[in-house]
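Data block below; observations after.
The values are calculated or read from the model by the stated rules, or taken from the named source; none is laboratory data. Just so we're clear, the structure is a prediction, and the values are computed from it rather than from any experiment. A quick note on method: Cβ atoms are made from the backbone with ideal geometry, for glycine too, and the neighbour counts reach across all protein chains shown. Areas reflect the complete protein model, heavy atoms only, side chains present, ligands, DNA and RNA absent. Shrake-Rupley method; radii C 1.70, N 1.55, O 1.52, S 1.80 Å.
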Amino acid sequence: MEKDTLKRYRFCRRRIEIGRGSKNDYATVDAVTAFIAAIPDALTREIFRERYIHGRSWTQVAFAVNNTPDACRMIANRYLKAQKS
């Protein structure tokens with residue numbers, strides 16, 4: 001999963017909510033939701049949910065999962081890098 005796709009999730013979901021969603025918007029929302037749900041580690045899954053589904057900053061994510069912002073960012077980046085290879 002690309003970071004850009006994860007970042008587009010909230011915009012696609014909003015377009016769907018206001019009735020202007022396209023097939024691509026639905027596909028993006030479904031893909032991101034399935035990707036995050038399939039993350040086996042609970043901490044990593046919660047970091048992704050807070051950051052990309054709820055649109056929180058890294059500081060807010062860190063507060064929600066009781067960690068540091070840098071640690072949360074590195075966990076997310078390492079997971080995405082591992083998925084690419």
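A few points about this structure:
- Conditions (1) touching a residue at least 12 places away in the same chain (Cβ under 8 Å); (2) over 15 Å from Arg51 (Cβ atoms); (3) within 11 Å of the chain's Cα centre (by Cα): number failed by Cys12: (3)
- Only one of Arg13, Arg51 that is basic (Lys, Arg) and farther than 14 Å from Asn77 by Cβ: Arg13
- Verdict on Ile36 being β-branched (Val, Ile, Thr), surrounded by 14 or more Cβ atoms within 10 Å (Cβ to Cβ), over 19 Å from Phe11 (Cβ atoms) and within 10 Å of the chain's Cα centre (by Cα): no
- Consider region 1-32 and keep the residues that are in contact with a Ser or Thr (Cβ under 8 Å, 6 or more places away or on another chain) and of a type outside the set (Val, Ile, Thr). The one that is surrounded by the fewest Cβ atoms within 10 Å (Cβ to Cβ) is Ala31.
- Here region 45-83 is the region considered, the condition is being under 16 Å from Glu2 (Cα atoms) and among the polar types (S, T, N, Q), and the residue that is least open to solvent (accessible area, probe 1.4 Å) is Asn77.
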